[in-house]
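The values are calculated or read from the model by the stated rules, or taken from the named source; none is laboratory data. As the structure is a prediction and not an experimental result, all values here were calculated from the model. Glycine also receives a Cβ, built like all others from the backbone with ideal geometry; neighbour counts cover every protein chain displayed. Ligands, DNA and RNA are excluded from the accessible area calculation, which covers all protein heavy atoms including side chains. Shrake-Rupley method; radii C 1.70, N 1.55, O 1.52, S 1.80 Å.
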Amino acid sequence: MMFRNSIYKTPEQLRLMVEPGLATAASLKAARAQIVAGATTLDIDKAAEAAIIAYGGASNFKLVPGYRHTICASVNDEVVHGIPTTRALEAGDIVSIDSGAIIGGWNGDSAITVVIPGGDAAESKRRTELSNVTEGSLWAGIARLAKAKHLNEVGDAIQTYIETEGARVGQNYGILTEYIGHGIGKTMHEEPPVFNYRVRQKGPEVKPGLVIAIEPMVVMNSPETYVKADEWTVATTDGGAASHWEHSVAVHADGIWVLTAEDGGAAGLAPFGVTPTPIR
Ligand code: MG
Ligand code: MG
């Protein structure tokens with residue numbers, strides 16, 4: 001497959017993506033603090049938006065035609081694209097928050113999953129494992145990107161991690177294939193496609209200027225999904241719990257940098273022996 005050379009950003013463009021990445025990280029930090037029993041996903045939405053505005057940015061989700069919120073909030077069987085509501089969150093809920101900021105015309109995009117303490121102990125443990133494995137698979141994918149020749153090695157690393165960890169905890173996790181990651185820059189979603197699973201094609205060359213959002217969506221059992229009546233929310237057909245983790249990551253002349261992590265990904269990448277390098 002051939003990709004236009006324009007999928008690779010210039011060093012100056014990479015520098016412009018640092019601020020929206022940090023604003024996105026700030027919005028998820030604010031959101032995380034609100035993910036408690038009794039809060040509503042609309043409360044979380046407000047907190048995320050305030051953080052982006054405090055950073056001098058704007059929500060890029062609000063630029064998506066027909067979407068009115070700063071975040072997507074996907075609870076329990078919902079995987080992605082959930083709309084914030086007035087329903088109170090409960091102990092044991094597994095909550096995925098996806099957020100993005102735009103500053104100076106450049107975008108960030110990131111997602112986290114949190115399991116609210118309490119609820120059924122065994123199910124809560126299973127949901128926490130699901131979120132941990134999903135997050136770990138994201139870092140495994142980012143770590144592979146640091147050494148990859150071609151982009152689709154990332155999906156191989158993600159799937160391998162999920163299969164290995166799933167076997168360890170005795171769970172046959174499903175990886176969504178209908179929804180994937182993407183290039184990111186002047187628009188939130190652009191070329192190239194970023195697969196969170198193994199594919200035949202090698203994908204574009206990994207070289208300085210590549211900026212991608214990697215976002216594994218992992219579910220307890222079957223990866224089959226449907227879209228709810230609100231025409232946005234993607235949920236598992238079997239009702240199993242779901243997790244979604246995402247970071248926007250830049251490949252540059254000196255290495256890689258996780259734009260949507262405050263520390264550039266240092267903590268998440270340490271277990272994989274990869275050290276991120278700031279964009280100068
Ligand atoms: Mg996202
Ligand atoms: Mg994304």
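Flag set for residue 82, criterion: within 15 Å of residue 236 (Cβ to Cβ), outside any strand (DSSP E or B) and away from ligand 1 (no atom under 11 Å from the Cβ). Those strands (runs of 3 or more DSSP E) of region 183-277 in which at least 1 residues are open to solvent by 10 Å² or more (accessible area, probe 1.4 Å) and farther than 22 Å from residue 74 by Cα, considering only elements entirely within it, cover 190-194, 247-252, 255-258. Restricting attention to region 69-101, the residues that are over 16 Å from the mean Cα position of the chain (by Cα) and modelled with pLDDT of 95 or more add up to 13. Residue count for region 249-278 satisfying the condition of being touching a Pro at 6+ places or on another chain (Cβ under 7 Å) and either modelled with pLDDT under 95 or not aliphatic (A, V, I, L, M) (or both): 5. Of the residues 119, 105, the single one that is small (Gly, Ala, Ser), surrounded by fewer than 18 Cβ atoms within 10 Å (Cβ to Cβ) and at pLDDT 95 or above is 105. For residue 232, state whether it is more than 13 Å from ligand 1 (Cβ to nearest atom) and either touching a residue at least 24 places away in the same chain (Cβ under 8 Å) or in contact with a helix residue (DSSP H, G or I) (Cβ under 7 Å, 6 or more places away or on another chain) (or both). Against the criterion (more than 13 Å from ligand 1 (Cβ to nearest atom) and either touching a residue at least 24 places away in the same chain (Cβ under 8 Å) or in contact with a helix residue (DSSP H, G or I) (Cβ under 7 Å, 6 or more places away or on another chain) (or both)), residue 232 qualifies. The residue that is farthest from residue 93 (Cα to Cα), counting only those in region 37-57 that are surrounded by fewer than 18 Cβ atoms within 10 Å (Cβ to Cβ) and in contact with a strand residue (DSSP E or B) (Cβ under 9 Å, 6 or more places away or on another chain), is 56.
Looking at region 93-136, the strands (runs of 3 or more DSSP E) lying wholly inside it that each contain 1 or more residues that are within 15 Å of residue 29 (Cα to Cα) and acidic (Asp, Glu) sit at 94-99.
Against the definition (in contact (Cβ under 8 Å) with a residue 40 or more places away in the chain and either assigned to a loop (DSSP other than H, G, I, E, B) or within 12 Å of ligand 1 (Cβ to nearest atom) (or both)), how does residue 44 come out, yes or no? Spelling it out, it is not the case that residue 44 is in contact (Cβ under 8 Å) with a residue 40 or more places away in the chain and either assigned to a loop (DSSP other than H, G, I, E, B) or within 12 Å of ligand 1 (Cβ to nearest atom) (or both). The set of residues in region 14-35 being surrounded by fewer than 19 Cβ atoms within 10 Å (Cβ to Cβ) and in contact with a Leu (Cβ under 7 Å, 6 or more places away or on another chain) consists of 18 alone. Checked against the criterion of being out of contact with any strand residue (DSSP E or B) (no Cβ under 8 Å at 6 or more places or on another chain), modelled with pLDDT of 95 or more and open to solvent by less than 10 Å² (accessible area, probe 1.4 Å), the candidates 155, 170, 174, 166 yield just one match: 166.
Listed by first and then second residue, the pairs linking a residue in region 80-98 that is under 15 Å from residue 120 (Cα atoms) to a residue that is within 16 Å of ligand 2 (Cβ to nearest atom), with Cβ atoms under 7 Å apart and 6 or more places separating them unless they lie on different chains, are 94/113; 94/243. Out of the residues in region 58-68 meeting the condition of being out of contact with any Ser or Thr (no Cβ under 8 Å at 6 or more places or on another chain) and not basic (Lys, Arg), tell me which one is surrounded by the fewest Cβ atoms within 10 Å (Cβ to Cβ). Within region 58-68, the match that is surrounded by the fewest Cβ atoms within 10 Å (Cβ to Cβ) is 65.
Within region 48-65, residues that are part of a helix (DSSP H, G or I) sit with their Cβ atoms under 8 Å from residues that are charged (D, E, K, R), at 6+ positions apart or across chains, in these pairs: 51/29; 61/98; 62/68.
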